[in-house]
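Notes to accompany the following structure.
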Amino acid sequence: MKILPIQTNANPTRRGHRALVTAALGLTLATGMISSPALAQDGTGAATPTPPTACQIIPATATYGAANAVTPAATSDATPVATTSASPVTDLTGTPSATAGIDTSATPVASATQVTTVDPVTQDLQASATAIAGCLSDANYETLALLTGDLYRGQLLGIGSELGVEDFTSLAATLPQVPYQILTVDEATMTSETTATAVVTYELAHQVRKSTWEFSLQDIQGTQAWVLESETAMAADLPASTTTVQVTIQDNAYSLDNTTISGPSIVLTATNNDAVDHELLVIRLDGDATTQTLLQSPGPSLPEGITFIGQVTVPAGSTGTLLLSGVQPGGYAIVDLLPNASGLPHLADGMEVAFTVE
């Protein structure tokens, strides 16, 4: 799955795993639906994440001409929305649910004096982003390939270079299925007659990512639609109640400044002092599951009792941040499944650390 801050330095031998975490966010991308409760970006409480959109080609609702000159299509009106807040936020205290729903308590019913209209560019890019998230959640990679460009498909699988449709659909079939949810689509801007960008905050599993998505207007099977061409990672906004944990990576080992952590909002800030890339792959352990179970399971599905929570790759001599939401009390672990010099996961050399969320 993807969408973490895009993994441009990913090792091709780890395509399957990187794709899981990359196909993200961030799309990395902001893309998701269903899944766990989203983070309140300002700590003020719950609001409504973008509702799910089925994995499908979404026609552009406006006629796009000169740059920044956009007019609604004659057959489509902009969607009225209630102007109750500047941007939607998510619930810090909620319990993960099987499907994403609208929190009717967070948004008052719109009245005639409250209603405004979403501009066509924002409306179209939000619909496209949400459809992409739906494809990622449903593991519908054939439709996803139509809605994305070669560079984004490579980013999603952690390759960092362009990836054609045929190669993408073949590799993506090995990916574990993880839910995505779009939280916000902001700053939608036309950059030319047929290109646009937007700042997208999204959640995959329990990981929150924020990125700039670059789109282009394309003809898809006779339909004018926005295609996601690439993603550029940004620092996600931290809710006020977030617990920060410092992680030091040195001599192929993790060291945490605290192994008993208060949830449900957690940010792991890692410093990699080694000369090789490492990752923070956070998993929840239930029942009799142990980290060694990962070494005994070829994947792509995670073994019973192990739940994917979030992941970030931390390049050699660099730092990385992993923002997690809705993390419930229980036992967790951080492991590194990136290959060592022998091609085996660093986990096989003992690169793991346990922690508890209370």
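Structure values in brief
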quantity	calculated
Options 292, 302, 264, ranked by Cα towards positive dipole end of segment 210-358, top entry (Cβ charges)	264
Segments 129-135, 203-209, 283-289 sorted - mean Cβ within 10 Å per residue, highest first	203-209, 129-135, 283-289
Total charge dipole magnitude, segment 243-357, about the Cα centre, Cβ charges on Lys, Arg, Asp, Glu only, Debye to nearest 20	260 debye
Gain upon complete extension [residue 187, residue 275; 0.36 nm per residue less C-alpha separation]	27.9 nm
Packing-based ranking, highest mean first, of 333-341, 240-248 given that Cβ atoms within 10 Å are counted	333-341, 240-248
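Here, each number is a calculation from the coordinates, and none is a lab measurement. Every value quoted in this text rests on a predicted model; they were computed, and no experiment measured them. Glycine also receives a Cβ, built like all others from the backbone with ideal geometry; neighbour counts cover every protein chain displayed.
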